[in-house]
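Values in this text are rule-based calculations from the coordinates and carry no lab data. A quick note: this is a predicted structure, and the numbers were derived from the prediction, not measured. Cβ: placed from backbone, ideal geometry, glycine included. Neighbour counts: every protein chain shown.
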Amino acid sequence: MKTVAVYSTKGGVGKTTTAVNLAWEASHECRVLLWDLDPQGAATYLLNVKAKVKGGVDSLIRGKSHADAVIRPTAYKNLDVLPADDTYRNLDLLLDSAKKSTQRIARVLESVSNQYDVAILDCPPGASLVAENALHAADLALVPLVPSPLSLRSLAQVNEIIATSNRPPKVFAFLSMVDRRKLVHRAAAEALPREHPEVIDLVVPATVVIERMGAERAPVGTYAPSTEPARVFAELWKHVRSLAKVKPGSQPE
């Protein structure tokens, strides 16, 4: 099983949107687990999954309950969710008090690694033990960047965090929430991929189509399959599949 962490030190960059749509695209050819690590539980909500972790995240992280007991199916074949609930607010403190605190998420994922081809981690923003855990477990870190002068600072901060890891994941970034009516956004979309090899030439637009996810509670490709965002997320999955070397273990049913 390959693990992809969707992460940024900055909030409000389209991280959960990316994780949900990427997981749905991957489920067309892989068995996918989406782990919602954000206490806000947005990915859990968008995929219509009950936000209740049996025994709480403490029981899961400490190995008192198995991941199978809390993983939930979605309405989509080959896509399951490990949901977030209110107990995730204390996850940093739980990890801090645990032995081998940076390896706990990896251990949970290892316990279900034979059941999935790819795990996608929707990480909370900021530098934290949760982020360190996710990046330690990841084969690939995917960083959404908003088109602003500070966008590259977010990417640099991610690289600083993984520099201390004994198992650093590959890192690549893409531009998110791009409004081409704005000059600074157009300039960033043209310049950043050309000047920085970690930034791929793929742009997720700022559009009401993506905003509708909250009302539809579904991935973009299910209700607007012919739109630019749906096409971009499909292309993004192809990049992830290639860079993480994801190998489907079984064909979708």
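Tell me, please, whether a residue that is of a type outside the set (Ser, Thr, Tyr), over 26 Å from Pro169 (Cβ atoms) and part of a loop (DSSP other than H, G, I, E, B) can be found in region 220-233.
yes
So, in region 159-213, how many residues would count as being assigned to a strand (DSSP E or B) and of a type outside the set (Ser, Thr, Tyr)?
Residues of region 159-213 assigned to a strand (DSSP E or B): 170-178, 199-205.
From what is left, the residues that are of a type outside the set (Ser, Thr, Tyr) are 170-175, 177-178, 199-205.
Final tally of qualifying residues: 15.
I'd like to verify a number: residues in region 201-231 that are surrounded by 18 or more Cβ atoms within 10 Å (Cβ to Cβ) and in contact with a strand residue (DSSP E or B) (Cβ under 7 Å, 6 or more places away or on another chain), how many?
Of the residues in region 201-231, 6 are surrounded by 18 or more Cβ atoms within 10 Å (Cβ to Cβ) and in contact with a strand residue (DSSP E or B) (Cβ under 7 Å, 6 or more places away or on another chain).
Looking at (1) of a type in the set (A, V, I, L, M); (2) over 18 Å from the mean Cα position of the chain (by Cα); (3) within 20 Å of Val32 (Cβ to Cβ); (4) not in a loop (DSSP other than H, G, I, E, B), which is the one condition that is false for Ala75?
Here Ala75 clears every test but (4).
Restricting attention to region 73-95, and to residues there that are polar (S, T, N, Q) and over 17 Å from Ile120 (Cα atoms), which single residue is surrounded by the fewest Cβ atoms within 10 Å (Cβ to Cβ)? Let's see the steps before the verdict.
Within region 73-95, the subset polar (S, T, N, Q) is 74, 78, 87, 90.
Remaining after also requiring over 17 Å from Ile120 (Cα atoms): 87, 90.
Working: Thr87: 18, Asn90: 13.
That would be Asn90.
Among the residues of region 33-55, are any touching a helix residue (DSSP H, G or I) at 6+ places or on another chain (Cβ under 7 Å) and among the hydroxyl-bearing types (Ser, Thr, Tyr)?
Within region 33-55, none of the residues are touching a helix residue (DSSP H, G or I) at 6+ places or on another chain (Cβ under 7 Å) and among the hydroxyl-bearing types (Ser, Thr, Tyr).
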